[in-house]
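S.K.: Structure below; questions to follow.
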Amino acid sequence: MHEQSLHQVPRLVVLISGGGSNLQALIDAISMGSIDATIELVISNKVDALGLARAHKAGIENRVINHLEFGSREAFDKELTHAIDDKQPDLVVLAGFMRIFTPQFTHHYHGRMLNIHPSLLPQFKGINTHERAIEAEVAEHGASVHFVSSELDGGPMVLQASVSVLSLDSPKVLAARVLVQEHLIYPIAIKWFCEGRLKLQNNAVLMDGQLLPEQGIQFQS
Ligand code: NHR
Ligand code: GAR
């Protein structure tokens, strides 16, 4: 089991595929002093991810590991693992990362990898969540922070934020409303982890030593 040194600032590696607005929220929270941590590396599987420019602008090492250059998910994950482990991170942060991992990869980072997913899990696992929420005519939608397990979007839940679905919502408009909440809750969850308050123990989430309910903590803004 990986133990965080008490004397060092927690080290993060962030994985992205796109715009990187969640990465930006994390960069901002760190630079404002809200989170005591350093981002050691940002990795994108997409060459054209806007988040790479955000990392560059913040002076953070960033690189592309293009999944298209690998013959299998195993080979891609192996290269990813080398790049991540080279930085000896305390936590791996998935921030809009769009490639499904092999079980070996998720086991390797068990208890030290978080994801933010744009739905109120366990509803709408996978992709195109906003379209599906509108299609299903749910009244409430939102975002969930969870520890990553081998079950896609099925890992133990930490924190959720809800938004109302409005009758005229398009997927785009709804996504933007959810994203506002993501930028609030993801830095909070990462802060808790970095402070040692948030832990995964026997596949259950502990916050300040207390077992969290199945759906995690419900965030109220
Ligand atoms: N891997 C595992 N094993 N478990 C999880 O919980 C994971 C994961 C990898 C990524 C993020 C997740 C999300 O928050 C995540 C959680 C991508 C897909 C997907 O279908 C699904 C869920 C998530 C990320 N990806 C397609 C693929 O073939 C590619 C889709 C695309 O490129 O647009 O990998 O939603
Ligand atoms: C966010 O809404 C995030 O929850 C979602 O992609 C967006 C990324 O935005 N993640 C997934 O769908 C993972 N499959 P960002 O790049 O601006 O942070």
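The values are calculated or read from the model by the stated rules, or taken from the named source; none is laboratory data. For clarity, every value in this text was computed on a predicted model and none was experimentally measured. Quick reminder, even Gly has a Cβ in these numbers, built from the backbone with ideal geometry, and neighbours come from all protein chains shown.
S.K.: If you scan the stretch 122-145, which residues turn out to be more than 11 Å from ligand 2 (Cβ to nearest atom) and surrounded by 17 or more Cβ atoms within 10 Å (Cβ to Cβ)?
M.R.: The answer is Arg132, Ala133, Ile134, His141.
S.K.: I've got another one for you. Filter the stretch 155-193 down to the residues that are closer than 28 Å to Leu206 by Cβ and touching a His at 6+ places or on another chain (Cβ under 8 Å) and list them by number.
M.R.: Selection gives Gly155, Pro156, Met157, Val158, Ser162, Val163, Val178.
S.K.: Let me ask another. Take the stretch 1-28 and flag every residue that is modelled with pLDDT of 95 or more and part of a loop (DSSP other than H, G, I, E, B). Before you say what the answer is, go through the steps one by one.
M.R.: First, the residues of the stretch 1-28 that are modelled with pLDDT of 95 or more: 9-28.
Val9, Pro10, Ser17, Gly18, Gly19, Gly20, listed by residue number.
S.K.: Select the helices (runs of 4 or more DSSP H) contained entirely in the stretch 63-152, then report the ones holding at least 1 residues which are under 29 Å from Gln8 (Cα atoms) and modelled with pLDDT of 95 or more. Before the answer, list the steps.
M.R.: Working: elements: 73-85, 103-108, 129-135.
Answer list for the stretch 63-152: 73-85, 103-108.
Quick grid of which residues meet (1) touching a residue at least 60 places away in the same chain (Cβ under 8 Å); (2) buried (at least 17 other Cβ atoms within 10 Å of the Cβ); (3) farther than 25 Å from Lys125 by Cβ:
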site	(1), (2), (3)
Ile16	yes, yes, no
Ser44	no, yes, no
Ala49	no, yes, no
Val64	no, no, yes
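S.K.: Pick out the one residue from Gly209, Gly196, Gly154 that is in contact (Cβ under 8 Å) with a residue 24 or more places away in the chain, within 27 Å of Asp36 (Cα to Cα) and small (Gly, Ala, Ser).
M.R.: Values: Gly209 fails: in contact (Cβ under 8 Å) with a residue 24 or more places away in the chain; Gly154 fails: within 27 Å of Asp36 (Cα to Cα).
Exactly one residue qualifies, and that residue is Gly196.
S.K.: Please go through the stretch 29-53 and give me each residue that is part of a strand (DSSP E or B) and either of a type in the set (A, V, I, L, M) or near ligand 2 (Cβ under 8 Å from one of its atoms) (or both), ordered by number.
M.R.: Keep residues of the stretch 29-53 that are part of a strand (DSSP E or B), which gives 38-44.
The answer is Ile39, Leu41, Val42, Ile43.
S.K.: Can I ask one more? If we scan the stretch 163-173, do we find a residue that is more than 29 Å from Val64 (Cα to Cα), assigned to a helix (DSSP H, G or I) and within 14 Å of ligand 2 (Cβ to nearest atom)? Let's see the steps before the verdict.
M.R.: Within the stretch 163-173, the first condition is being more than 29 Å from Val64 (Cα to Cα), and the residues that meet it are 163-170, 173.
When the remaining residues are screened for being assigned to a helix (DSSP H, G or I), the result is 173.
Still in the running and within 14 Å of ligand 2 (Cβ to nearest atom): 173.
Yes, that holds for at least one residue.
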